[in-house]
C-alpha cells in the first residue's frame, strides 16, 4: 500500500474497523468497514500479557478481544490494507512478525504516538511504513464524556504550535506519514509534510464538509467511523 494518494482522492480508512456501524476494535467492525469498500482498516492494538489484542487501552478491554493476527488474517484474505495503531512501546517485534507472517508488510501502516516505538519499528523492518500519531491523548480524555467539551479548546492551542514541533518529530522518528487530528490540519501544514516526503492521514472525520475540506487541502487519507460519510455522494450530486 502506498501511504500517498497520488493523483486520486484520499484513501478511505475505517476507524477502529467502522466504529459507527459495529462495536469498535472488533472483527464485526472490520467486516462492516470491508462491506462499505474501505481502502484500509485502522484498529488499535495493545499488549495483554503475551498477546497483542484489539483495544484502545488495557482499561477498556472487556475480555474476549480479537487478536492482531485475527484482524490481519481477515484483511489479508480480503486484499485490504491494515492501519495498525500501536498503543505504546513493547509490541514492536510482535507486530512486525505478524505482518511478515500474513504477507502484509507492503500493505500496512503502523502508527504510534510513541516516538521510541516508531524508531524501533524502523530498525526491525526498514520496509515498513510508519506513522507518527499526534496529539497524544495521555489520559484518554477523548474517551471521557465529562471533558469532551474542552477538547476543541486544547486542539486550538495545539494548532498554533504544531508547525513548530511536527517537523522535528518527523525527522527524529523517520515516519512515513503524519497521522493527525483533522482539526489541526491546514493546506500549509499538508504542504510542509509533502515537501518532506511525508504523507498526511487525518482522523477522525465523520461529516462530509470536513472530508471535503481535507480532500481540498490535499490529505492522503481520511480515517472515519462511518465510511458512508466519505463515500456517499452529496444530495446535489445524486442523479
When you scan the range 195-210, do you find a residue that is buried (at least 21 other Cβ atoms within 10 Å of the Cβ), farther than 20 Å from residue 14 by Cα, at pLDDT 95 or above and touching a strand residue (DSSP E or B) at 6+ places or on another chain (Cβ under 8 Å), even just one?
yes
Might you let me know whether the range 88-105 holds any residue that is surrounded by fewer than 22 Cβ atoms within 10 Å (Cβ to Cβ), out of contact with any helix residue (DSSP H, G or I) (no Cβ under 6 Å at 6 or more places or on another chain) and closer than 20 Å to residue 5 by Cα?
no
Is it true that residue 158 is surrounded by fewer than 17 Cβ atoms within 10 Å (Cβ to Cβ), touching a helix residue (DSSP H, G or I) at 6+ places or on another chain (Cβ under 7 Å) and either modelled with pLDDT under 95 or not in a strand (DSSP E or B) (or both)?
yes
Could you tell me how many of the residues in the range 118-143 are assigned to a helix (DSSP H, G or I) and either at positive phi or at pLDDT 95 or above (or both)?
7
So, in the range 7-22, of the ones that are under 24 Å from residue 216 (Cα atoms) and in a loop (DSSP other than H, G, I, E, B), which residue ends up farthest from the chain's Cα centre (by Cα)?
7
Lone qualifier among 45, 38 - being under 17 Å from residue 95 (Cα atoms) and buried (at least 20 other Cβ atoms within 10 Å of the Cβ)
45
All-but-one check, residue 183 against (1) in contact (Cβ under 8 Å) with a residue 12 or more places away in the chain; (2) at positive phi, failing number (2)
Residue that is surrounded by the fewest Cβ atoms within 10 Å (Cβ to Cβ) [pool: residues in the range 107-118 that are over 18 Å from residue 54 (Cα atoms) and in contact with a strand residue (DSSP E or B) (Cβ under 9 Å, 6 or more places away or on another chain)]:
115
Does the range 44-55 contain any residue that is modelled with pLDDT of 95 or more, within 22 Å of residue 200 (Cα to Cα) and touching a helix residue (DSSP H, G or I) at 6+ places or on another chain (Cβ under 6 Å)?
yes
Does the range 70-88 hold any residues that are out of contact with any strand residue (DSSP E or B) (no Cβ under 8 Å at 6 or more places or on another chain) and farther than 13 Å from residue 17 by Cβ, and which are they?
73, 76, 77, 79
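The values are calculated or read from the model by the stated rules, or taken from the named source; none is laboratory data. None of these values were measured; they are calculated from a predicted model. A quick note on method: Cβ atoms are made from the backbone with ideal geometry, for glycine too, and the neighbour counts reach across all protein chains shown.
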